[in-house]
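Okay, structure first, notes after.
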Amino acid sequence: MQTLLLNSDDVHANCQMDELISAIEDAFAAYENGDAQMPPKSYIDLPQYNGDFRSMPAYLDAGDWDAAGIKWVNVHPDNGDKFDLPTVMGTMIYSDPENAFPLALMDGTELTMLRTGAAAAVATDHLAVEDATTMGLIGAGVQSYTQLRAISEIRPIEEVVVSDLSEERVANFIDAFEDDFDVRAGSIEEAAGCDVLSTVTPVEDPIVPRDAVGDHTHINAMGADAEGKHELADDVLLDAKLVIDDFDQTTHSGEINVPYHEGVLVDSDIYGAIGEIVIGAKEGRTADDGISVFDSTGLAIQDVAAAHVAYEHANENDNGYEFDLLGLAE
């Protein structure tokens, strides 16, 4: 048996977004139904290097398929200046649950971007108005690209408003999508008034005020992934149908972490988990709903589901590089 090595291009080429969205939805359902194991994310802090490592293991049984793996990811803010390396890098080990053979080693950075977009698409599919044609993006970094690509798979997006402090990032985003959408630069208020809004910034002081948000806007709050980060004004969260991916993670490091720990937002303000909506235990958008918010921190089950899609298609397409990691070849 050979282990398959997949670089970022391989991961991108073999994760078709429609299939990835379906797999992420299956992962949310498996987690909600008790058919997944996902130990808490663990950290190794390295203050001497101004960085840390995080390990994210998971197993899930989606019925027609099961999968296991672990993502090893870092955050080293000084990497760009000191080493000309990305701040965040991830490596995914994808294993056969039956015998533990390491089926693949793959780039976890591209995998993370793709599965994060797919998770937002799942939430949007259940929580946004059916005829959503406008989308706002606050933050024009790499994650904004997969947000638009994923969400346009499940809603007929026509007009896109992108807001970012960097004119260069906005220009690059417009260049990438102007052939497919009516895309333009705009203010935070203009972006927040769209049918669907994705926020993908690292801010700690909220930048989306309540009076800017449309009456029926669905918001994917994707930027908060650590204590102290907070993109949406508290009034937005309190007025919304608030849906989370995981209680422990979102209260610790998601969009709700600051108002939750300050006692501004309490358990009863949380409508439910996305998995509950996926399996039909709770309703998604109803005719009476106004604003909705999906607080996404990113779960290891999403990485495993995305790795499953990448691996299966890489095998079919004969992509990647096979090597004898364990030295078992005759």
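The values are calculated or read from the model by the stated rules, or taken from the named source; none is laboratory data. As the structure is a prediction and not an experimental result, all values here were calculated from the model. Reconstructed Cβ throughout: ideal geometry from the backbone, glycine too, with neighbour counts over all protein chains shown. Side chains included, ligands, DNA and RNA excluded: accessible areas come from the protein's heavy atoms. Shrake-Rupley method; radii C 1.70, N 1.55, O 1.52, S 1.80 Å.
Using C-alpha pairs below 8 Å separated by at least 6 residues, the relative contact order for the chain is 22 percent. Round to the nearest 0.05 the FRET efficiency obtained for Ser268 and Asn99 when R0 = 51 Å and r is the Cβ-Cβ distance. After rounding to 0.05, the efficiency reads 0.65. Largest first, the residues Thr134, Thr91, Thr250 sort by 1.4 Å accessible area into Thr91, Thr134, Thr250. Rounded to the nearest whole Hz, the Karplus-based 3J(HN,Hα) values (6.51 cos²θ - 1.76 cosθ + 1.60, θ = phi - 60°) of the stretch 204-214 follow the sequence 10, 10, x, 10, 10, x, 4, 6, 8, 7, x, with x at glycine and proline. Placing unit charges on the Cβ atoms only, positive for Lys and Arg and negative for Asp and Glu, gives the stretch 152-238 a dipole magnitude near 180 debye about its Cα centre. Here the chain is treated with +1 on each Lys and Arg Cβ and -1 on each Asp and Glu Cβ, and its dipole about the Cα centre works out to around 620 debye. Calculated FRET efficiency, Asp52 to Phe323, Cβ-Cβ distance, R0 = 25 Å: about 0.25 to the nearest 0.05.
Estimated at 0.36 nm per residue, the fully extended path between Ala171 and Asp45 surpasses their Cα-Cα distance by 41.7 nm. Annotation note: GluC sites (Glu not before Pro) in the stretch 164-203 located in DSSP loop regions with a Cβ neighbour count of at most 13 within 10 Å are Glu178.
Averaged per residue, the chain has 44 square angstrom of accessible surface, using a 1.4 angstrom probe with ligands and nucleic acids left out. Taking the 1.4 Å solvent-accessible surface of the chain as the whole, the part contributed by carbon and sulfur is 46%.
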